[in-house]
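Chemist: Okay, here's the structure, questions in a sec.
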Ligand SMILES: C[S@@+](CC[C@H](N)C(=O)[O-])C[C@H]1O[C@@H](n2cnc3c(N)ncnc32)[C@H](O)[C@@H]1O
């Protein structure tokens, strides 16, 4: 596939970009997984409240979620300035009144003063160093209301094993880009979450050998 002149590819695969605006980034995988992710989210969302999205990337997810779930105030975030610009540009083009301006949030840094009924994060833990896992969980525990959910989506190992040959090859390619990156163990996520008071609820198998892991603040 080719990239158009007005849209830049983003980490995560080949692209078929939209043509609206220089700031707007596009990810092929995000386009493909936004609908299955919305189905998972819809079962978790309250009738009203706030959801923090960590590592919003291109903004395709939050744009999709917010347009389908207008009862929720969405708080996208990303430490990368070009990603925040893409999120904000998408939200402006789509005219979504229920999305606030993207927050500059690195899970390893300071967290915003925010209270949320839910937090979602897709495809971050394998494209960041291992310490982002405990930092994510600790930060989320400080943001979530009692009973609030954390949805973590992405590829994971189970019982120390890759769930597919494709994920094993992906892990190798991640490590060749940065030795500290790599597919994490789902058991490590669950155990760390439990240390911070987030109970394990469910793992849902997702397309392309990904998983949605759902945790809830007790
Ligand atoms: C592969 S992209 C995923 C974007 C989007 N969630 C998706 O699934 O399409 C990884 C994202 O993680 C973000 N990221 C990397 N390290 C991070 C950190 N320490 N804290 C928060 N976000 C981080 C990057 O800026 C990037 O937008």
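Just so you know, all these numbers are worked out from the coordinates, no wet-lab data involved. Just so it is clear, the structure is predicted and the values come from calculations on it, not from any experiment. Every residue, glycine as well, gets a Cβ built from its backbone with ideal geometry; the counts of neighbours run over all protein chains shown.
Chemist: With the crude spin-label approximation of a point 7 Å out along Cα→Cβ, what separation in nm comes out for residue 173 versus residue 208?
Modeler: Each label point lies 7 Å from its Cα, and together they span 1.1 nm.
Chemist: Here is a further query. Express in nm, to one decimal, how much length is gained between residue 69 and residue 180 on full extension, taking 0.36 nm for each residue of separation and deducting their alpha carbon distance.
Modeler: Full extension from residue 69 to residue 180 adds 36.4 nm.
Chemist: Please arrange 120, 69 by how many other C-beta atoms lie within 10 Å of their C-beta, fewest to most.
Modeler: 69, 120
Chemist: Related question: What FRET efficiency comes out for residue 114 versus residue 165 if R0 is 45 angstrom and r is the Cβ-Cβ distance? Round to the nearest 0.05.
Modeler: According to the calculation, E is roughly 0.65.
Chemist: I'd like the antiparallel share, as a percent to the nearest 5, of DSSP beta bridges with both residues in the chain. Before the final figure, lay out the partial values.
Modeler: On the way: 15 of 35 bridges.
Antiparallel bridges: around 45 percent, rounded to the nearest 5.
Chemist: Let me ask something additional. Explain nothing, just the number: relative contact order of the chain, from Cα pairs under 8 Å at least 6 residues apart, as a whole percent.
Modeler: Here the relative contact order equals 15 percent.
Chemist: Follow-up question, since we're still on this one. Give the Rg/Rh ratio for region 79-145, taking Rg as the radius of gyration of the Cα atoms and Rh as the Kirkwood radius, to two decimals.
Modeler: 0.98
Chemist: For region 64-218, I need the span (max minus min coordinate) of the C-alpha atoms along each principal axis, in Å, sorted largest to smallest.
Modeler: 43, 34, 30
Chemist: Highest mean first, how do 133-141, 33-41 rank when packing is the count of other Cβ atoms within 10 Å averaged over residues?
Modeler: 133-141, 33-41
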